[in-house]
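Read the structure below first, then the notes.
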Amino acid sequence: MERNVASVAVMREGETLLFDCGEGTQRQMMRYHVSFALSDVFFTHFHADHVIGIIGLMRTMALQGRTEELRLWGPRGGTRVLRRAEQFGFDRLGFPVQIIELEPEQSVKRTGYELIAFTVDHRGSSSVGYALVEETRKGRFNPDLARELGIPEGPMWGQIHRGNAVTLPDGRTIEPSVLVGPTRPGRRIVITGDTRPCPATVEMSRNCDLLVHEATFGDEEAERAQDTGHSTAREAATVARDADARRLALTHFSARYSRDASELEREARQVFSEVVIARDGMEIDVPYGEEEAGARVEGRGARIAGDWRGGPGAG
């Protein structure tokens, strides 16, 4: 096998968020240096290939002496499934586990961003995707102009950048608009989990920086994709095109494409050019919109890493 089952990690400003937890996720995290000091795991749905790895992950955390709470998020039905996973085996975990069921369109607010759950179309399950949406950022401060205007570097600069006018010792009042540019959008990353192409994904992915979309099948199995609640690579690319996404990462391939997914890439590129075929351990930097593609600002960048393989037999 060239690909493991579903799990995607998002690393943002020192925080790690895990989306789905297929079998062996803890092994892959160690292999690719993804921190175990995470606080949240978000499940798109509860088919086995997306959830069974949480048992091993929690056991590994317990062996490492974890005491901090772990939060497990997912669509309705999560409490029943995840509580069983928590209780699997005979030993008790040394840390609390909180399980939260999310309703579609429910938002999880965090400092500087929010995570929004949205309904996707996967046959036979209550399934959601997730959009990580950063807050709008302040405009750029112009330090050179501030010096030219005789504004001393220090607290006054901070006041102006926060949107407050300042009065200089000579009586001049400097408005923020003189030195601060227009506000700038944050980043948006969308992770679909298993799904048919659907309007909700298009809408949630509008102008996103990165769309991570399943592509279980190629064109020759389009009918099977429809029957099993999955997408073809071409369909995923159509979603990205219709949403005006900046980039598309294709994931969750059927085992027949495990060694060579070039056919899926070729079919997707006929519709949408900015496509990457995900592989185990791949890291994708997600720069801010005004940065050049592939740029990285240390301490400010976000990246995703994960392992992917389709599991049409498991759902």
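Structure notes:
- Low-density loop positions, chymotrypsin sites (Phe, Trp or Tyr not before Pro), the stretch 1-93 - DSSP coil, at most 15 other Cβ in 10 Å: TYR32, PHE36, PHE88, PHE90
- Debye, to nearest 20: dipole size of the chain, +1 on Lys, Arg Cβ, -1 on Asp, Glu Cβ: 640
- HN-Hα J in Hz across the stretch 60-72 - Karplus 6.51, -1.76, 1.60, θ = phi - 60°, x for Gly and Pro: 5, 4, 5, 5, 7, x, 4, 10, 6, 5, 10, 9, 10
- Given charges at beta-carbon only (K, R positive; D, E negative), |dipole| of the stretch 78-124 in Debye: 200
- Toward the positive end of the charge dipole of the chain, with +1 on the Cβ of Lys and Arg and -1 on the Cβ of Asp and Glu, the farthest Cα among GLN26, THR173, LEU115 is that of GLN26.
- Dmax and Rg, reported as Rg then Dmax, of the stretch 1-124 (C-alpha, Å): 14.1, 40
- Using the rule -39500 (n - 2.57) for each DSSP H run of four or more residues, divided by the residues of the chain, the 222 nm mean residue ellipticity is -6500 deg cm²/dmol.
- Legend: translational diffusion of the stretch 155-229 by Stokes-Einstein, Rh = Kirkwood radius over C-alpha pairs, 25 °C, 0.890 mPa s; D = 146 µm²/s.
- Value of D in µm² per second that Stokes-Einstein yields for the stretch 37-98, Kirkwood Rh from Cα pairs, at 25 °C (0.890 mPa s): 207
- Taken over the chain, the percentage of Cα pairs per 20 Å bin, counting from 0 up to the bin with the maximum distance, is 31, 49, 17, 2.
- GNM result for the chain, Cα springs below 10 Å: residue of GLY281, GLY163, GLY139 fluctuating most strongly: GLY163
- Antiparallel DSSP beta bridges within the chain, percent to nearest 5: 60
- Of THR232, VAL81, LEU264, farthest towards positive along the dipole that unit charges on Lys, Arg, Asp, Glu beta carbons give the chain: VAL81
- Distance from the stretch 219-239 to the stretch 107-184 (C-alpha centre basis), Å: 40
- Distances between placed amide hydrogens fall under 5 Å for GLN106 paired with ALA117, all partners being 5 or more residues away or on another chain.
- Taking label points 7 Å from Cα along the Cα-to-Cβ direction, ALA62 and LEU168 give a separation of 6.6 nm.
- The residues of the stretch 37-112 present an accessible area of 51 Å² per residue when probed at 1.4 Å with all protein chains retained.
The values are calculated or read from the model by the stated rules, or taken from the named source; none is laboratory data. Small disclaimer: the values here were computed from a predicted structure and weren't measured. Every residue, glycine among them, receives a Cβ derived from its backbone with ideal geometry; neighbour counts consider all protein chains shown. For accessibility, only protein heavy atoms count, side chains too; no ligands or nucleic acids. Shrake-Rupley method; radii C 1.70, N 1.55, O 1.52, S 1.80 Å.
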